[in-house]
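Everything below concerns the one structure shown next.
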Amino acid sequence: MDRTAFEVPPERLRWRCDPERFPFVCTDELNPLDEFIGQERALRALEFGLAMDRPGYNIFVTGLSGTGRASAIQAYLQRRIAEKGVQGSGPHPQDRCYLHNFADPDRPQLVALPGGRGRSLRHQIERLLTDLRQAIARALTEPEFEAHRKALLDAAQAESQAVAQALEQEALGQGFLLRPAPMGIQIIPQVNGRPLSREEYMAISGDLRAALEAQERELRARVEAAFERGHQLQREANERVQALVEQTGDFASSHLFQELTGEYRDFPPVLQFLQDLRTYTLEHLDLFLENGRAGPQPQEPPSPPGPTNGLRRLGPDNPYLPFRVNVLVDNSGRTGPPVVIEPHPTYGNLFGKVERRSLMGAYFSDHTMIKPGALHLANGGYLILNARDVLATPAVWESLKRALRVREVRLEDPMEQMVPGFAAPQGLRPEPMPLTVKVIMTGPPLLYQLLSRTDEEFWEAFKVRADFDTQIPRTDTHLDAYARFVGSCCGRHGLLHFHRTAVAEVAEYGARAVADQEKLSSRFGPLEDLLIEADYWARRAEHTMVMGEDVRKALHEKVYRASLVEERIRELITQGTILVDVEGEQIGQVNGLAVYDLGDISFGRPSRVTAQTFMGRNGVINIERESQLSGKIHDKGVLILSGYLGARYAQDKPLSLAASICFEQSYEEVEGDSASSTELYAILSDLAGAPIQQEIAVTGSVNQKGEIQPIGGANEKIEGFFAVCKAKGLTGNQGVLIPAQNVRNLMLRHDVVEAVQQGLFHVYAVSTVDEAISLLTGWPAGARESNGAYPEGTINALVDRRLRELAQGIQAFSGRESTGNALPPGTS
C-alpha cells in the first residue's frame, strides 16, 4: 500500500513564525506591554466584580498560572485606578487610629480620619504633651502662683495658730499647761505657774483631785475640738490650693486643647477623646511638674529618677499612655484605593495582632501594641491572596469568610480560633474595624470546583469567577503583544533585548507549550524563564542582543538538564534490555507510545504491545487490569474494543473470542486510552495472521465505530520514537502514525522536522481503523460488500474468517451431541 497518501508534509509538522513579519529589528524599539493578552472573558469578569459594590462580590481568579500572577493583577488594578479614577470598594481610604479608652482601658477605641490626618493627630498629641509639660510647669512655678498658694497656706496656718493660742491661754487660766507630746497634747496641772510632778499630783486629796480631773476632761474635749478645727482648716487650705492648681493648670492648658478641639470639631470620637484627655490632664497635674523646666521634652517624658523609673514607663501603668496615638493604618500621600498583596497570609499577617511585653514574669499589652494586618491595610481598596496559602494556614479561611460576611475585622488571638476554650494571656479587646474591601483570590480551577462543591459559604463570599485561559488564538495582534511582552521582561529584569529572530523562536515555543499551531501559551511564567535563560546563553556567546540561536540553545539546555531518565530508558532500549523493534514485521505486535511526565519534563517512549487470540468466550482480556496495573480510562479503552469487534464482525455470528493484550515490560500503572487503537491493531493482526511493520509506532484512541480519535502528547511521542530510531539507526522507513485531528497539534523539534524533510523519518495521519491497519500491514482493509462479505485478500476478510472459525469451534466443542446446529463451514 502506498503510505504517501497518509504522510504529513514537513511544512505541517511545525508552525514557523517568520521573523520578517515583525516590524522591528530589536525589542528595544517597542513600548512595554502593560495589559493582559487575549483574556476578554476574564477581564469582563474582573470589571464586573470590581464595579459591583455589593457584599459577597469578591473575585476568585482561576487559570492565571505561572509566576507573577498576583503582581500582574496588582498592576492591572493600578492601571485601572489611574485610567478610570476608580474609588475602590468604598469611600476614599481613611486613616485608622487606636486611642486610649478612658472608660475601659482594655477596649481601645478606633477612630477614622481622612487620609493623612492620623499621622497629624499623633504628632499633635505628642506636641500637646510637650507643650502641656512646659506650660503647666511654668504656670505652677510663677512667683504670683507661689505667692497666692503661700498666702492660702499661711492664712490657714495663722488661723490654726490663733485657735491653738486661745486654747493655751484658756488652759493657763484654768491652771493647766498644754505640752506637745508624741502621743498628742499633754494636759498638766500647775500650781503657782509650776507644773505638778506625778508624785505631787498623787498626793493631792481625793476631792481636789476629782475636781482637777473633771476640769481636765472638759479641757481635753476643748483640745480635741481645736485639733479637729485645725485639721479642717488644713483640708480647706489644701482644697483651695488644689483648686488654685487646677484653675491655674486649666488656664495654662485650655488654649492648647482649644486649638485641637477646634480642628477636630467635625470628628466627634476625636473630640470626646480630647475632652477626656483634658480631664485626665487636670486630674494628674503632678505629672507635668516633673522635670518641667528642662527645655524640650522627649516623646515619652521621663519619670522622676529612682529604681522604678524604667518599670513605671514601660509597665502597664504608664501615666503617659493616654497621650500615645497608634496610627494603625496610614494612608497619607495615597491618591487612590490601596492595592495590597499578602504573600504569606498567616493569621497575624492577615487580621493583625496584639503584641505583648514581658515584665517581671507577667505579660501586658496596651493600645500602642496593636499591629495591623493586610485586611486593615487594604480596607477601602483591594486585597490579593493566594487560595492555597489561605487554606493551608490554620483558622485563616474560616476567619476570612467570617470577616467578609460581617464586614468587620476583629483583632483576636489565633489560638482562640483554633483551640476551643483557650483563654489568651491578656484581656485587650480592641474595637473592631468596619471592613469594605474587595478580595481577589487566585487559585487553580480544581480548587475552585472543590470549594464550590464542599463549602456552602464559599459562594456567599466569592460570587464572581474570572477564568483566565492558558492559551490564546495565534493572531497578528497577539504576536505583536508577545513581542512587547519580551521587551517588557528585558526592561524589568535587565536582560539583553531580543532580535526579531529570537522573538519568533519565543512565539514558536508559545505554540509548542500548548501543542497547537493555531494557539499561543498565555502562561507567561515559563516564557519569562525562557527569556532569562536565553539572555544567559547570549551573554556567554558575547552577543549584543539575544538571537534566535540563543533561544534554541536555552531550550536545548533546559531539556538536557532534565533528560537523564529519558536517556537511561533509551540506552536500555538500544542495548536490548527493553525489547522494542524498529525494523522488520511481527504478527500481533505493535509499537505503542506513552508519555512520561516527570514534572519538569515530559518525554515519549515506545512500548511493545502484544496480543494473543484463541478460542473462548472471555472477550478481550486486559492483562494490565488483571494485574491491577491499569487505570480506569485505560480499562474503558479496552472495553471499547469489544464493542468495535462485535459491531464489525459479529452481525451474523456470535463473537466467540478470547484475546489477551499486554504492555510488555511495563511494571507501573498504565492510564489513558491513547493506546486503545494500538491494542486493536495487535488483535486484528493476530486474528488475520497479517504481520505489522515494526518500523512504525502508533498512538490514538478509537471509538466503537472505528474512528481514530485525537490524543495528548503527540509531539513528545513522535520525538520519543524518533530518538530511539536515531539511536538504533535511521533506515528511512521509520515513522509514527497519529490521528488526523492531531496534525494541528504538531510543533516538533527542528531536528525531527529536518529528518522528515530528508526522508529519514515519517509522520502519518489516519482517521479510521481501516486506514491505519492497511498502512501498518500493507494489506487493504476491505469494505463489506452487498452480500455482507468482505473481499478476499483483505484484512477484514481474514479477521472475519478467523472469528467464524473460532465460533464454529466453540459451537462444535460445546454441542457435539447436537451437531445439527453447526454453522456451515466456509461461509461468510
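The values are calculated or read from the model by the stated rules, or taken from the named source; none is laboratory data. Fair warning: this is a prediction, and the values are worked out from it, not measured in the lab. Because the Cβ atoms are built from the backbone with ideal geometry, glycine has one as well, and the counts that use them run over all protein chains shown. Keep in mind that these areas ignore ligands, DNA and RNA; they rest on the heavy atoms of the full protein, side chains included. Shrake-Rupley method; radii C 1.70, N 1.55, O 1.52, S 1.80 Å.
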Amide hydrogen neighbours beyond the local backbone of F498, cut-off 5 Å, H modeled | T27, D28, V546
Given the protein chains as shown and a 1.4 Å probe, how many square angstrom of H493 are accessible, to the nearest 10?
-> 80 Å²
Mean projected area, convex hull of alpha-carbon positions in the chain, reported to one decimal in nm², is 65.1 nm²
Can you list residues whose amide H is under 5 Å from I578's amide H, if they're 5+ apart or on another chain and H is modeled 1.01 Å from N?
-> I573
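Using the structure shown, select from K519/K705; K353/K401; K558/K632 the pairs with a Cα to Cα distance greater than 28 angstrom. Don't jump to the answer; show the numbers that get you there.
Numbers: K519/K705 30 Å; K353/K401 18 Å; K558/K632 34 Å.
Table pairs above 28 Å Cα-Cα are K519/K705; K558/K632.
Note down the net charge around G373, summing +1 for each Lys or Arg and -1 for each Asp or Glu among other residues with Cβ under 9 Å from its Cβ.
Working: positive: K353, K371; negative: E342.
Taking every Cβ under 9 Å from that of G373, the sum is +1.
Ranked highest first by the average count of other Cβ atoms within 10 Å around their residues, in what order do 678-685, 258-265 fall? Working shown, then result.
Values: 678-685: 28.4, 258-265: 14.5.
By packing density, highest mean first, the sequence is 678-685, 258-265.
Just reorder T454, T335 by solvent-accessible area, largest first, 1.4 Å probe, all chains present.
Details: T454 95, T335 135 Å².
Largest accessible area first, the residues go T335, T454.
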If R0 = 35 Å, then Q628 and R388, at their Cβ-Cβ distance, give a FRET efficiency to the nearest 0.05 of 0.60
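Sum -39500 (n - 2.57) across every DSSP H segment of at least 4 residues in the chain, then divide by the residue count to get the 222 nm mean residue ellipticity, nearest 500.
Numbers: 27 runs with 378 residues, N = 828.
The per-residue figure over the chain is -14500 deg cm²/dmol.
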Heavy-atom accessible area order for L598, L285, largest first, 1.4 Å probe | L598, L285
Portion, in percent, of the accessible area of the chain that falls on carbon or sulfur, probe 1.4 Å = 50 percent
Cα centroid separation - the stretch 126-177 against the stretch 642-677, whole Å = 115 Å
What ³J(HN,Hα) values, in whole Hz, does the Karplus curve 6.51 cos²θ - 1.76 cosθ + 1.60 give for the stretch 9-19 when θ = phi - 60°, with x put for Gly and Pro?
-> x, x, 5, 9, 7, 6, 7, 10, 8, 6, x
With +1 at each Lys and Arg Cβ and -1 at each Asp and Glu Cβ, the charge dipole magnitude of the chain around its Cα centre, to the nearest 20 debye, comes out at 360 debye
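Rounded to the nearest whole Å³, what is the per residue volume of the convex hull around the Cα atoms of the stretch 103-166? Show your work: numbers first, answer last.
Values: hull volume 9.2 nm³, N = 64.
Cα convex hull per residue, to the nearest whole number: 144 Å³.
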What's the center-to-center distance, using Cα atoms, between the stretch 10-41 and the stretch 770-818 in Å?
-> 54 Å
So what's the net charge close to P32: Lys and Arg +1, Asp and Glu -1, counting the other residues with Cβ under 15 Å from its Cβ?
-> -3
Sequence-distant or interchain residues sharing an amide H contact under 5 Å with V409, placed H: which?
-> M433, L435
Straight-line reach check, K717, cutoff 13 Å on alpha carbons, 8 or more apart in-chain or any other chain, hits among aspartates and glutamates -> E566, D597
